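Asks: First, the structure itself, so that you have it in front of you.
The values are calculated or read from the model by the stated rules, or taken from the named source; none is laboratory data. Computed from a predicted structure; not experimentally measured. Every residue, glycine among them, receives a Cβ derived from its backbone with ideal geometry; neighbour counts consider all protein chains shown.
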Amino acid sequence: MARTSCMLLYVFLSAPLLCAQSYFHNMPGLNWKEPKAQVLILGAYHMANNNLDVVKTNWDSPLSAKRQVEIQEVITRLKRFKPTKIAVEAPWGSVTINERYTRYLAGQDTLRENEIDQIAFRLAQQLGHKQVYPIDYRKDMDFDRIMQFAMANGQQSYVERMQQIFAFIGAEDEKLKTLTVAEHLRAINDTAALEMGNRPYLLLAEVGKDTSYVGADVVAGWYERNLKIAMNIIRIAASPSDRILVLIGAGHATLLRHFLSESPSTQVVTTNEYLK
């Protein structure tokens, strides 16, 4: 009798949850069951060593014979995704990137030491694509402002913790230099690595006191940038049959995966399935 009562109580308590899940799953207007454009987000490292990110890098040249072979191996693997469009980290609306790509197709320009040329241009050319798609939204973010505020307001512990993080990332980058390009990309596109890489931004967001939210204000700009990049990706998805490969700095990948996975317009596929 007691066991029966427990089972009835379990069913009674579970019913609202099950109904809620069913209710939200079938919410009108979200079209969860309809086909969606598929998106593969390939987080990359900046092969050109342009050092535009907070953490500075010093990679060997992608133009060496060894790296050229490795890059072609990556391109061969990415072809299995059968992308219909390739999106790159260049300013939304810019024509410069496709002017260069057109010259490259015509044999009038050579590939430079950056991931757009080495991966996106080569892959697009081998797939017969006439253009690539710039999707970046540029926004300056003053991370130094956060550190200066922390030092001036008794929050030096945040500066010390960020220094520890930068030292750790620098040491890990040294290890990555010994890997092939495919191994390197698999490592930085690992889900756990991407999630951990996003957490320093939330640590920075904690900096502030009283009515000042200096950390949150600056980090909000980072979220805004990535949300607008995600919307640019959705804008180029002209059809549910589109398969969009997004080549972008790995620091963007976690937020883009989140926004595009939650969107009723796109479906995010597992990147590392195509890097094996």
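Asks: What's the number of the condition R145 fails, among (1) within 27 Å of L275 (Cβ to Cβ); (2) touching a residue at least 40 places away in the same chain (Cβ under 8 Å); (3) over 23 Å from the mean Cα position of the chain (by Cα)?
Replies: (1)
Asks: Please return the ranges of helices (runs of 4 or more DSSP H) entirely within the stretch 184-266 where 3 or more residues are of a type in the set (D, E, K, R) and either over 30 Å from P62 (Cα atoms) or touching a residue at least 12 places away in the same chain (Cβ under 8 Å) (or both).
Replies: 214-236
Asks: Then there's this: Is there any pair with a first residue in the stretch 110-133 that is touching a residue at least 60 places away in the same chain (Cβ under 8 Å) and a second that is among the polar types (S, T, N, Q) and part of a helix (DSSP H, G or I) whose Cβ atoms are under 9 Å apart and which are 6 or more apart or on different chains, and what are they?
Replies: Listed pairs, sorted by first residue: R112/Q118; Q118/Q68; Y133/N98; Y133/N232.
Asks: Test Q21 against the criterion of being of a type in the set (S, T, N, Q), outside any loop (DSSP other than H, G, I, E, B) and modelled with pLDDT of 80 or more, and give yes or no.
Replies: no
Asks: Say whether the condition of being part of a helix (DSSP H, G or I), in contact with a Pro (Cβ under 9 Å, 6 or more places away or on another chain) and under 27 Å from K36 (Cβ atoms) is met by at least one residue in the stretch 59-82.
Replies: Within the stretch 59-82, not a single residue is part of a helix (DSSP H, G or I), in contact with a Pro (Cβ under 9 Å, 6 or more places away or on another chain) and under 27 Å from K36 (Cβ atoms).
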